[in-house]
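Inspection log for the structure reproduced underneath, given as structure tokens.
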Amino acid sequence: MAAAGPDLYERLQIRYPPSPPARAPAPAAPPAASGCVLGTALAVATGVLLVLGATLVALIVLHVQGQAELRAAQAELAAVGAPLLLDPDGSQSPAKSPAAAQRQKEQLGRWLQGLALGWRYHDGQIYYFSGEHKAWGDAEAACRSSHSHLASITSPEEQDYLAREARGRPYWIGLTATGPGGSWRWVDGAAYSQAQSFWAPGQPDSTDHGKWGLEGCAQIHPVGNGLWNDHNCNFTFAWICKRDLSRP
């Protein structure tokens, strides 16, 4: 028997097709946002836009109102300013000399600047209602720094106006008790009259605050819808400044 040759399977070369290249795994899709979350976000965004819109409208309205009030005050001041303008010797001068016209222009300019800074015009005066709190003496010093004094009140109409504008808050006014008898006087030099005063019932009572001393300064007070109350001058309250149109 002839010797067996190499096995048939030994001579067979099996060729395998090349393996396909490995593919990177596809990125996972982001999870779908919850409908509830999207709805909440939209609601919040809508609410913010509505608030911003309402705030913008309110600011525009306040600006328009403020400009209208400023123009009205400017017209009134221009109308009443000329006859009240004083000459250097204290007399009123109906003649409109260049010097008088210049003084009037400067005076009205200061007034209008005050109105733009928060002062309020009423019947020939401008008033400033502070947002700070000071003792009576410090409040008067603050008024003097703006060429004014703590407010005097010399008529029922002026009392009604200031009590209304005080809106239920206490404010120092320019009335103080001085001298041995504690007589009352207006710090701006206006004449004080007991008959033309607006004290709340039982006031002034000069309550003794011990180490702080007696009550010797007046304020518009919420009790009695803005009638006057005497209080210790060392306590701190808001205050009202007043400038008279007839004073440069």
Filter result for Tyr127 (in a strand (DSSP E or B), assigned by TED's automatic domain parsing to the domain that holds Asp208 and under 18 Å from Asp244 (Cβ atoms)): yes
Strands (runs of 3 or more DSSP E) (entirely within segment 146-245) containing at least 1 residues that are without any contact (Cβ under 8 Å) to a residue 40 or more places away in the chain and over 27 Å from Trp119 (Cα atoms): 171-178, 183-186
Subset tally (residues that are surrounded by 13 or more Cβ atoms within 10 Å (Cβ to Cβ) and in contact with a strand residue (DSSP E or B) (Cβ under 7 Å, 6 or more places away or on another chain)) for segment 208-222: 8
Criterion violated by Trp212 - all others in (1) within 23 Å of Glu132 (Cα to Cα); (2) at pLDDT 95 or above satisfied: (2)
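The values are calculated or read from the model by the stated rules, or taken from the named source; none is laboratory data. Keep in mind the model is a prediction, meaning the values are calculated, not measured. Quick reminder, even Gly has a Cβ in these numbers, built from the backbone with ideal geometry, and neighbours come from all protein chains shown.
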